[in-house]
Amino acid sequence: MSRPSFELLPGADDSPVILHVPHSAREIPADVRAGIVLDDAALERELDHIVDAHTARIAARAADLAGVRPWRFVNRLARLVVDPERFPDEREEMLAVGMGAVYTRTTHHEVLRADGHDPEPLIERYFRPYARAMAQAVAGRLAATGRAVIIDVHSYPSEALPYELHGAGPRPPVCLGTDSFHTPPGLLAAARGAFGEDTGLDSPFSGTYVPLEYYGTDPRVCALMVEIRRDTYMTEPGGPAGPGLERLADALAALVTAVPR
């Protein structure tokens, strides 16, 4: 039996928190790899740049340390298969640089998939099942606790990459991405308290991930994106983690613990 492309790791029954880790993996199935035009060395370099390395470790460590264990939803495939956080249609602004739900260009604007590539098979095989499972995870927290709190765990490079649409602004050690509907002031305050003076807001990345069934309509679903600058915890690009990983896991655990039940 093949390994699932994503995994929901249970937390405490009374925890509303889901740590969402969508971009930490490097695995690409062989049949998907066949549709990528980069040679093996270039593909490894691209993964070094695009993968949020070690974020699954940070989330796992934070779950162990938190006062109440959160749930974790972890993508086990690289975002070069599909990016589960993109809109799967024309609403996605990253289509402008060939990085919608299925990427056709790299972080440096090189060709990743040939022109005319049909994204629908990958969306049907990977994107939609992921979206359904994440929506079910949120529904489970709503049923159990009356609300769901999605904390997205990401990382980003210390220097802007060419694909970034908003890379000219500040690049703080921790960027907190918010949504005007789904990020309540108390959740943002808890994040600032947990990460301290290292935090910035909505630069270089903004917004949050909420399943489309709940997006913009259900205030019981709260969300916050935590973007960690990579030089604070690892060797860039794509290198090993350093001692900063434990400090960031401690801070993420403090945020999880601060979320009221």
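Quick look at the numbers
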{"read-out": "Of the GluC sites (Glu not before Pro) in region 152-209, those whose Cβ has at most 15 other Cβ within 10 Å and which sit in DSSP loop", "value": "159"}
{"read-out": "Helix 244-258 axis, angle to the chain major axis (alpha carbon atoms, nearest 10°)", "value": "50"}
{"read-out": "For region 76-134, diffusion coefficient by Stokes-Einstein and Kirkwood Rh (Cα), 20 °C, 1.002 mPa s, µm²/s", "value": "185"}
{"read-out": "If the convex hull is drawn through the Cα atoms of region 1-142, its volume per residue in Å³", "value": "124"}
{"read-out": "Rounded accessible area of residue 198 (nearest 10 Å², 1.4 Å probe)", "value": "60"}
{"read-out": "Per residue solvent-accessible surface (Å²) - the chain, probe of 1.4 Å", "value": "43"}
{"read-out": "Considering only region 1-116, percent of DSSP beta bridges that pair antiparallel, nearest 5", "value": "60"}
{"read-out": "Helix 128-145 vs. the chain, principal-axis angle (Cα, 0 to 90°, nearest 10)", "value": "0"}
{"read-out": "Region 1-58: C-alpha gyration tensor shape, a/c 1.5 cut-off, then a/b vs b/c", "value": "oblate"}
{"read-out": "Normalised contact order of the chain, rounded percent, pairs of Cα under 8 Å and 6 or more residues apart", "value": "24"}
{"read-out": "Shape category assigned to region 90-201 from the gyration tensor of Cα positions, a/c cut at 1.5", "value": "oblate"}
{"read-out": "Of every Cα-Cα pair in region 153-244, the percent that sits beyond 22 Å", "value": "33"}
{"read-out": "At 1.567 mPa s and 4 °C, Stokes diffusion of region 197-247 via Kirkwood alpha-carbon radius, µm² per second", "value": "96"}
{"read-out": "Nearest 10 degrees, 0 to 90: helix 40-50 Cα axis against the chain principal axis", "value": "30"}
{"read-out": "Identified option (computed Kirkwood radius over Cα pairs in Å; candidates (i) 20.7; (ii) 17.7; (iii) 18.5)", "value": "(iii)"}
{"read-out": "Hull volume in cubic angstrom per residue (convex hull over the Cα atoms of region 109-170)", "value": "139"}
{"read-out": "Residue-level accessible surface for residue 27, protein heavy atoms, 1.4 Å, Å²", "value": "90"}
{"read-out": "Pairwise label distance in nanometres, residue 93 with residue 139, each label 7 Å out on the Cα-Cβ vector", "value": "3.1"}
{"read-out": "Carbon/sulfur fraction of accessible area - the chain, other protein chains in place, 1.4 Å, %", "value": "53"}
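The values are calculated or read from the model by the stated rules, or taken from the named source; none is laboratory data. What you see is a predicted model, and the numbers here were worked out from it, not measured in a lab. When we count neighbours, we look across all protein chains shown, and the Cβ atoms used for this are built from the backbone with ideal geometry, even at glycine. These area figures cover heavy atoms from the full protein model, side chains too; ligands, DNA and RNA do not enter into them. Shrake-Rupley method; radii C 1.70, N 1.55, O 1.52, S 1.80 Å.
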